Amino acid sequence: MKIPTGIEFLDARIGGIYAGTFNVLLEEVGAGGYEFLMTVVQNNLEKGGRVFYASLTKTDDMFRREFELIFPKRNVGEIFGKISFRSFAKTYFMRSIVPLYWFEEKATIFSLKGEKNVLEELIEFFDSVESESICVVDSLTDLVRIARSRLSWNDLIDFLMGLKVLIQRRKLVVYTILTKDIVDQKQQEDILSIADGIIVFRWKEKGDRMVRVMFVRKLIGVSPLLEKEGIIAYETRIDPERGFTISSVMRVI
């Protein structure tokens, strides 16, 4: 079973992403990974799909504002209400220098006692996700940051490997974003080796301007379809109404 990305040009060629897969969007900053993600969310919700969204650092208000700004010419109010959204910002920042009253007006130092860590909260979140749904973790980059200080790297990798088992059992399509080069190459490959799908978003010089480019590095069950057409990359752009769109295709003949 495949679940469409909601991006018409891509779905016409691959039919969607296989259920039961863990997909990493590897992004150079600003190259379109987040817009791709939000377009997948928006288009699937419009078609009646189920989307569960976990944000590690964004509050509900922050997420709604970003959602609306990505689609400034589209009425996203009703659609936004259909997202099952969870914010873990309080848990994420509770052991940092950031004061919790920035997130909760009544937060005190006593509210920290007995709190779970981020991975424990994510486990509870995934336990509540319905089968055959789209699920977003925003973002893997934020998890990596705390794995270098407040969590252990092995705990993060074990969590991702265990999560992959749950994803297959529940037939979920999970997307998460990892900022390129946020960790060293070995650690980056450590993460990517777990993924069923790796979609890369980067910047490329084209004459006197920079363009956004997307290519599929790995996509289980789908890569042969793309290679058959000789497609190596897509030039993309961000449309104020449609969100992430594919504007042209680069092929190897």
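Taking only segment 27-49 into account, find how many residues are farther than 30 Å from ARG95 by Cβ and surrounded by 18 or more Cβ atoms within 10 Å (Cβ to Cβ).
Looking only at that region, the number is 11.
Six or more apart or on different chains, Cβ under 6 Å: which pairs go from a residue in segment 150-176 that's over 27 Å from MET38 (Cβ atoms) and free of Cβ contacts under 8 Å to residues at least 60 places away in the same chain to one that's open to solvent by 50 Å² or more (accessible area, probe 1.4 Å) and not polar (S, T, N, Q)? Could you list them?
Filtered contacts from segment 150-176: ARG150/ARG95.
Can you tell me how many residues within segment 178-225 are in contact with a Gly (Cβ under 7 Å, 6 or more places away or on another chain) and under 19 Å from GLY20 (Cα atoms)?
Residues of segment 178-225 in contact with a Gly (Cβ under 7 Å, 6 or more places away or on another chain): 201, 212, 214, 218-220.
Narrowing further to those that are under 19 Å from GLY20 (Cα atoms): 218-220.
Selection size over segment 178-225: 3.
So, GLU28, is that one under 15 Å from the mean Cα position of the chain (by Cα), over 19 Å from PHE85 (Cα atoms), at pLDDT 90 or above and of a type in the set (Asp, Glu) or not? Please lay out each step first, then the result.
Numbers: under 15 Å from the mean Cα position of the chain (by Cα): yes; over 19 Å from PHE85 (Cα atoms): yes; at pLDDT 90 or above: yes; of a type in the set (Asp, Glu): yes.
Answer is yes for this residue.
If you take the residues of segment 56-102 that are closer than 27 Å to ARG148 by Cβ, buried (at least 17 other Cβ atoms within 10 Å of the Cβ) and among the β-branched types (Val, Ile, Thr), which of them is farthest from the chain's Cα centre (by Cα)?
So, considering only residues that are closer than 27 Å to ARG148 by Cβ, buried (at least 17 other Cβ atoms within 10 Å of the Cβ) and among the β-branched types (Val, Ile, Thr), the one farthest from the chain's Cα centre (by Cα) is THR91.
Collect the residues in segment 224-253 that are in contact with a Lys or Arg (Cβ under 9 Å, 6 or more places away or on another chain) and farther than 21 Å from ALA31 by Cβ, keeping them in residue-number order.
LEU225, GLU229, GLY230
Give me the pairs, please: first residue somewhere in segment 80-96 and in contact (Cβ under 8 Å) with a residue 24 or more places away in the chain, second residue anywhere and among the hydroxyl-bearing types (Ser, Thr, Tyr) and in a loop (DSSP other than H, G, I, E, B), beta-carbon distance under 7 Å, and either six or more positions apart or on two chains.
SER87/THR59; ALA89/THR57; ALA89/THR59; TYR92/THR57
Consider segment 1-45. How many of its residues are under 17 Å from LYS218 (Cα atoms), touching a residue at least 60 places away in the same chain (Cβ under 8 Å) and among the polar types (S, T, N, Q)?
Total satisfying the criteria: 2.
Just to be sure, is GLU235 in contact (Cβ under 8 Å) with a residue 12 or more places away in the chain and either surrounded by fewer than 14 Cβ atoms within 10 Å (Cβ to Cβ) or not in a strand (DSSP E or B) (or both)?
No: the conditions fail for GLU235.
Which of the residues belonging to segment 207-232 are over 25 Å from PHE67 (Cβ atoms), open to solvent by 40 Å² or more (accessible area, probe 1.4 Å) and in contact (Cβ under 8 Å) with a residue 12 or more places away in the chain?
Correct list: PHE215, ARG217, LYS218, ILE220, GLY221, LEU225, GLU229, ILE232.
Here are GLY197, GLY243: which of them is closer than 15 Å to GLY32 by Cβ, open to solvent by less than 10 Å² (accessible area, probe 1.4 Å) and among the small types (Gly, Ala, Ser)?
Numbers: GLY197 fails: closer than 15 Å to GLY32 by Cβ.
Just one listed residue meets the conditions, GLY243.
Can you pull out every residue in segment 109-153 that is open to solvent by 80 Å² or more (accessible area, probe 1.4 Å), modelled with pLDDT under 85 and part of a helix (DSSP H, G or I)?
If the condition is that a residue be open to solvent by 80 Å² or more (accessible area, probe 1.4 Å), modelled with pLDDT under 85 and part of a helix (DSSP H, G or I), then ILE109, PHE110 are the ones that fit.
If you take the residues in segment 1-26 that are more than 19 Å from SER248 (Cβ to Cβ) and touching a Leu at 6+ places or on another chain (Cβ under 6 Å), which one is surrounded by the most Cβ atoms within 10 Å (Cβ to Cβ)?
VAL24
The values are calculated or read from the model by the stated rules, or taken from the named source; none is laboratory data. None of these values were measured; they are calculated from a predicted model. Here Cβ is always computed from backbone atoms with ideal geometry, including for glycine, and neighbour counts include all displayed protein chains. Accessible surface areas use protein heavy atoms only, side chains included; no ligands, DNA or RNA. Shrake-Rupley method; radii C 1.70, N 1.55, O 1.52, S 1.80 Å.
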